[in-house]
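Below is one structure, written out as structure tokens; comments come after it.
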Amino acid sequence: MALLEVRDVCYIYPGAQPVEALRDITFEVERNEFISVIGPSGCGKSTLLRLLSDLLPIDKGEVLIAGEPAVVARRKREIGFVFQDPALMPWRSSLKNVRLPLEVLRRDGASEKATSESLLRLVGLGDFTAKRPDQLSGGMRQRVSIARALTYDPPLLLMDEPFGALDQITRDEMNIELLNIWEQKQSTVVFVTHSIGEAIYLSDRIVVLSPRPGRIVDIVDVPLPRPRDPAIKRSREFFDIETSLLGTLEGRRIHG
Ligand SMILES: Nc1ncnc2c1ncn2[C@@H]1O[C@H](COP(=O)(O)OP(=O)(O)OP(=O)(O)O)[C@@H](O)[C@H]1O
Ligand SMILES: [Mg+2]
């Protein structure tokens, strides 16, 4: 059974002028798969992640995580969410930000503290556990928010353009680090990005959405070997996938 099953999901934001954001979205994500979602601005990528994590109620279609509705998976803490803006508590240290979800659940004993510390080491911030967000760089803050999303060891990690605000070099480093974390944790990732290169480098498959209302235009396999050396971005295979994705995004495939 796939870890995530999305079937015929549609979403219309209600209001005086309803906005149809997504139409007939159907795809599956296997356990341990890394899947990216790309598509033009405003096509419904963030809406899709909100529906997958039960931050928005589904009004048509179905989302199943390990065979259960998203609302059940959220209550069982099976979903980690990393937002574009790391949204850390400014007065709390890195460690205390990472521990926050556990404190809320009153599960904040010595073993949870050790887990939070090891998560910060995992994202390369072992020496920065006592620093506040304003003492960290943008990339470091985003790494704290990734560690925070991993506190429950969620089988499903949803990431909404987590590196969109970073410079290219930091972003490339974060991509390498994210793949390391994904391999170590054996989690399943749904990753939203604007960057075709980032999507190819990270993913097993890429879901391409049309302009709003977002529909699936194509689901593209990325048959590049793993572990992936960053030099792969300069390979012929990478370039071919990039060219084909650009064609799909430009609509050549839709209009023939
Ligand atoms: N709360 C809301 N109420 C009404 N309309 C909304 C709301 N949130 C988003 N929308 C609309 O739904 C559509 C999809 O928005 P969404 O944020 O999912 O797009 P996106 O693909 O994530 O865009 P971007 O790449 O710019 O982040 C847009 O047209 C947006 O204006
Ligand atoms: Mg968005």
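Each Lys and Arg contributes +1 and each Asp and Glu -1, all at the Cβ; summed about the Cα centre of the chain, the dipole is approximately 680 debye.
Separation of the alpha carbons by more than 31 angstrom is noted, of K76/K233; K60/K113; K45/K233; K45/K113, for K76/K233; K60/K113; K45/K113. A dipole drawn for the chain from +1 and -1 charges on Cβ atoms has a positive end, and of G15, S111, N180 the residue lying farthest that way is S111. Taking the C-alpha atoms only, the angle from helix 94-104 to the longest principal axis of the chain is near 80 degrees. Taking Cα centroids, how far is region 1-51 from region 173-243 in Å? That distance is 17 Å. May I ask for the angle, rounded to the nearest 10°, between helix 138-149 and the longest principal axis of the chain, with both axes built from Cα atoms and the value confined to 0 to 90°? For 138-149 against the chain, the angle is about 90 degrees. Electrostatic bookkeeping for Q84 treats Lys and Arg as +1 and Asp and Glu as -1; over the other residues with beta carbon under 11 Å from its beta carbon, the sum is -2.
Against the longest principal axis of the chain, how steep is helix 168-185, in degrees 0 to 90 to the nearest 10, with axes from Cα atoms? Tilt relative to the chain: about 80 degrees. Each principal axis of the Cα cloud of region 79-183 was taken in turn, and the coordinate range along them, longest first, works out to 38, 30, 20 Å.
Between amide H atoms placed 1.01 Å from N, distances below 5 Å from I12 occur with A21, all of them 5 or more places distant or on a separate chain.
Here, each number is a calculation from the coordinates, and none is a lab measurement. Here the structure is a predicted model, which means the values were calculated and not measured. Positions of Cβ are backbone-derived with ideal geometry, glycine not excepted, and every protein chain shown enters the neighbour counts.
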